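Colleague: This is the structure I have questions about; it appears just below.
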Amino acid sequence: PLKLPAITNTREGNKSIEELRDILLETMRRVQEGGIESGQHIKRRFLFDGSWMNDVATHEQLFQKIQHISPQESAIRMFNVLFPVTDLPASKGDEEKISTYYGDKIWNSF
């Protein structure tokens, strides 16, 4: 796990940086959980397994890699690399077929 430094926000009336960090982590953990619940770890495994980072070694390569994706997906990708899920549910093999009953076209877009 990433060891986070203790930093304080000195502006009065604002939440401390620790409180903001806790809100961010809680929010992103919920997004991560929702992605798993909706089968994104099967449909778009790269969002969870970090494989999109395989050819990234510099900050230039990182920002080039994410420049054409949404800010939401960038946040999800990075959070999942920093805080990976180690016990992803396995595919049962019929998720693609079942998703078509709901009109899910995501299988054909990747």
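Colleague: Please work out if E33 is in contact with a helix residue (DSSP H, G or I) (Cβ under 9 Å, 6 or more places away or on another chain) and open to solvent by less than 100 Å² (accessible area, probe 1.4 Å).
Modeller: no
Colleague: Right, next: Test G34 against the stated conditions and say whether it is part of a loop (DSSP other than H, G, I, E, B) and free of Cβ contacts under 8 Å to residues at least 40 places away in the same chain.
Modeller: Here the answer is no, as G34 does not meet what is asked.
Colleague: In the stretch 38-81, which helices (runs of 4 or more DSSP H) lie fully inside it and hold 3 or more residues that are under 13 Å from the mean Cα position of the chain (by Cα) and surrounded by 14 or more Cβ atoms within 10 Å (Cβ to Cβ)?
Modeller: Here the list reads 46-49.
Colleague: I need a count of the residues in the stretch 82-110 that are in a helix (DSSP H, G or I), at pLDDT below 80 and of a type outside the set (V, I, T).
Modeller: Selection size over the stretch 82-110: 8.
The values are calculated or read from the model by the stated rules, or taken from the named source; none is laboratory data. Treat the numbers as computed from the prediction; the structure is a model and nothing was measured. Glycine also receives a Cβ, built like all others from the backbone with ideal geometry; neighbour counts cover every protein chain displayed. The protein model used for the area step is the full one, side chains on, heavy atoms only, and it has no ligands, DNA or RNA in it. Shrake-Rupley method; radii C 1.70, N 1.55, O 1.52, S 1.80 Å.
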